[in-house]
Each structure stands twice: as C-alpha cells, then as structure tokens.
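The block underneath contains the structure these notes are about, expressed in structure tokens.
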Amino acid sequence: MTITSPSLAVLWRDLRPSGPPVAHTFRSGYADRWVRFHTLPGSKRYPETAGEYATVLERHNAILDELFPGTDVFVVTADWAATADGPAHHPEPRRTLHADGIHWWTDSDTADPDPDFHVHMRLYADRRPWRPGCVDELLRAVADDRLAEVFLTDTGLRRIHHPYDGGADVVLATPAERDRFANRYVEWLPT
C-alpha cells in the first residue's frame, strides 16, 4: 500500500498533536512512555568489528520484531537543506538507502535572524511490511553516524523506534507497556 505526503502528515497531526515528527524530541515529548536501549554491551557507542555490528542489528531487530509483529511500518528518514525546497546538504546515503521514501514533512528552524543559519529538515517515508532485517542497511548507517533522525512506527503511530548511534529510543503505547519492555530488555538499558 502506498502512502501520500498529505495523508501521512494529516495522520501525524491527528494522532500525535503534541509536536512535529522530529525524532530527537520524542524522548521529552513522550517521556512517560519512553525508554532507551543501548545496542552494544558496556554502553559502547560505535561498533568496530563484524561481531559488534551483528550485536547492534540483533538488538534492533529483536525490539523491532516485538514492536511490529506481522504489521506494516512507516520507515522515516531525513535530510537537511538551507531552503525548504533546495538541495540536501548531504543527500547520501539517505537517497540510496531509502530510495522509496516520499517527502511528507518539512520542519523549518528559522528562528535565527540571519537566513544563513536557517535549517530545513525534510522527512521522507515509505510503508512496508515489517520483517527482521528489512532495515538493516539503514540501521548500519545510523550506527556509523551516517544517518540521523531515522524512525520506524506502526501505521497507527502507537509505537516508535528511533535508532541512533549507540542505541534506540523507543516510545510505547502506554507507561505499563514501557515498563514491560524495560524489564524484558533490562540488560540493554543504559548503565
């Protein structure tokens, strides 16, 4: 099933009215349902070996598979530009790794009086059936700090998984569900 830019933006505004879909704000915006997991033992931030990359992917996929079993997900990526419709500052690897993503949202920071400091973050999304491994290349790029502001959510926007270099911020549907997740993956919580 395809998505359209207006339909996804309307869905976000209807179901998540507290703010725009800016992944790094989810922690504060949904603090009562948020939990953080680290993707490497000892809170190590960046994988260096094949084994560490495997651990990162295993942990992400374990959580994602529990969040989204047998359902479709929206996969969201971002780029940044000096103008809302101008060229991206660094279009790769987003453009290659998320070629099916459609532009659906622009979050503009124009608070600085100098337009040279204005930043426009553009979000792209696709809808796909969740299956373990289907976003591994994106997760590797995030782990290597080559992509930021990536997130996955179910099509009802109830659960959100925001990977970052070193872990993932997860927003659950309720505080009780957050607590169950934290208890299930207690060894992956920050120390």
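Please treat every number below as a calculation from the coordinates, not as lab data. Worth saying up front: this structure is predicted, and the values here are computed from it rather than measured. Heads up, the Cβs are rebuilt from the backbone with ideal geometry, glycines too, and the neighbour counts pull from every protein chain shown.
Listing for the model above:
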item: Nearest-ten-degree value, helix 5-15 long axis tilted from longest Cα axis of the chain; result: 60
item: Pairwise Cα inverse-distance average, inverted: Kirkwood Rh of the chain (Å); result: 17.1
item: For segment 8-50: span of alpha carbons on each principal axis (Å, largest first); result: 42, 23, 11
item: Gyration tensor over alpha-carbon atoms, segment 61-118, equivalent ellipsoid semi-axes in Å; result: 31, 14, 10
item: Candidates Tyr124, Tyr46, Tyr164: whichever shows maximal mean-square fluctuation once the chain is modelled as a Gaussian network with Cα springs under 10 Å; result: Tyr46
item: Kirkwood-type radius of segment 16-86, with distances r between different C-alpha atoms, in Å; result: 15.2
item: Value of relative contact order over the chain, rounded to a whole percent, pairs C-alpha under 8 Å and six or more apart; result: 32
item: Förster radius 35 Å - calculated FRET efficiency between Arg184 and Ser108 (Cβ-Cβ, nearest 0.05); result: 0.35
item: Rounded tilt (10° steps) of 175-184 against the dominant C-alpha axis of the chain; result: 50
item: Gyration tensor (alpha-carbon) shape descriptor, segment 88-191, a/c threshold 1.5; result: prolate
item: Estimated [θ] at 222 nm from DSSP helical runs (n ≥ 4, -39500 (n - 2.57)) normalised by residues in the chain, nearest 500; result: -8000 deg cm²/dmol
